[in-house]
Amino acid sequence: MIIQNTEETNTYIVQPIGTVHRPENGYCLHIAPPYRAGLKQLEHFSHVIVLWWADRQATPESRSQMTCYPPYAPDKLTGVFATRAEYRPNPIGLTVCEIITLDEANGIIQVRNVDAFEGTPILDLKGYFPVCDRVKGAHIPDWLDWGWIGCLKKAWVCMKNMRRRRPPDPLSPASRWQFAQPTTGRAFVILGAIKGWMAQ
């Protein structure tokens with residue numbers, strides 16, 4: 001995997017350390033053998049920061065798009081750096097995941113949720129440190145507050161509708177945002193993240 005910008009900048013080679021898997025019974029991070037020693041002591045953390053590569057958005061078109069109308073604020077033209085969109089110059093995604101179990105020998109981390117597709121490459125893992133990763137007094141735009149409320153309402157309805165079965169991972173060409181897809185895991189992630197935040 002190569003991350004390359006213009007000729008004025010450097011080229012960086014990034015090696016995936018594993019992949020995301022979404023079996024019927026939950027969410028798992030599978031870490032490749034050469035990197036499993038790096039998991040030592042991670043089982044003592046409650047959460048892990050997962051950096052992943054949005055490979056389905058790693059196209060010239062997606063990587064050149066600098067603005068969008070987010071689904072939670074469809075009237076606000078927004079730069080991609082002010083969103084969590086997967087399409088951006090370097091399509092790196094970030095999810096804070098609650099660790100359920102960790103098997104260092106086999107390189108398997110079962111997590112509560114992760115908002116990435118089956119087979120998504122994992123770039124890095126970082127233990128979550130509340131002392132530096134949790135920001136006190138953070139704020140977001142007022143219009144974003146209202147948008148998130150709408151997203152949560154949709155997420156709650158989605159969870160109720162999908163309680164008896166696990167959804168597939170559809171990718172709609174008409175929408176680049178996984179938030180716009182009610183059958184993806186985003187609905188579970190939003191509510192799961194808030195539950196974890198409130199528990200801290």
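Data table
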item	result
Most to least packed among 126-133, 49-56 [average Cβ atoms within 10 Å]	49-56, 126-133
³J(HN,Hα) computed for each position of the range 93-104 - Karplus, 6.51 cos²θ - 1.76 cosθ + 1.60, integer Hz, glycine/proline x	x, 9, 9, 8, 10, 7, 7, 9, 9, 9, 10, 5
Bins of 10 Å from zero: percent of alpha-carbon pairs in the range 19-106	14, 36, 28, 19, 3
Placed amide H near H47: partners under 5 Å, 5+ positions off or other chain	I99, Y128
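Where a number appears in this text, it was derived from the coordinates with a stated rule and is not lab data. Given the structure is predicted, the values throughout are model-derived calculations rather than measurements. All Cβ positions, even for glycine, are placed from backbone atoms using ideal geometry, and neighbour counts span all protein chains on display.
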